[in-house]
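Visitor: This is the structure, below, for whatever I ask next.
Just so it is clear, none of the values below were taken in a lab; they were calculated from the coordinates. In this text the structure is predicted, and so the values were computed from the model without any measurement. As a convention, Cβ positions derive from the backbone with ideal geometry for all residues, glycine included, and neighbour counts pool all protein chains shown.
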C-alpha cells in the first residue's frame, strides 16, 4: 500500500495513493491475473485508514488485577 501523494522515495513510479496487487500464493489461491497491477485509492479511504491506525496505536492497555 502506498498511501502517500508521492511514493518515489520508496522506489515507486506511480503517482498518488494506490495499492499494488501482485500474484502470489495465498493458501493455494492466486490472483486471477498473472500480471501485477495497481489500484488507485481515494483520499477519503486514506483518511479513514489514518484514523484507524491512530485509534489502534492510542488504545490504552487494560491493567490486570
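Visitor: Per 0.36 nm of contour for each residue apart, how much would the distance between residue 23 and residue 37 grow if the chain were fully extended, relative to their Cα-Cα spacing? Working shown, then result.
Guide: Values: separation 14, 0.36 × 14 = 5.04 nm, distance 0.92 nm.
Working it through step by step, the gained length comes to 4.1 nm.
Visitor: Taking other Cβ within 10 Å of each residue's Cβ, how do 10, 4, 48 sort, fewest first? List each step's numbers first, then the result.
Guide: Working: 10 8, 4 15, 48 11.
The fewest-first ordering by Cβ neighbours comes to 10, 48, 4.
Visitor: Compute the length gained on full extension between residue 1 and residue 51: take 0.36 nm times their separation in residues and subtract their Cα-Cα distance, giving the result in nm to one decimal. List each step's numbers first, then the result.
Guide: Numbers: separation 50, 0.36 × 50 = 18.00 nm, distance 1.59 nm.
Stretched out fully, the residue 1 to residue 51 stretch lengthens by 16.4 nm.
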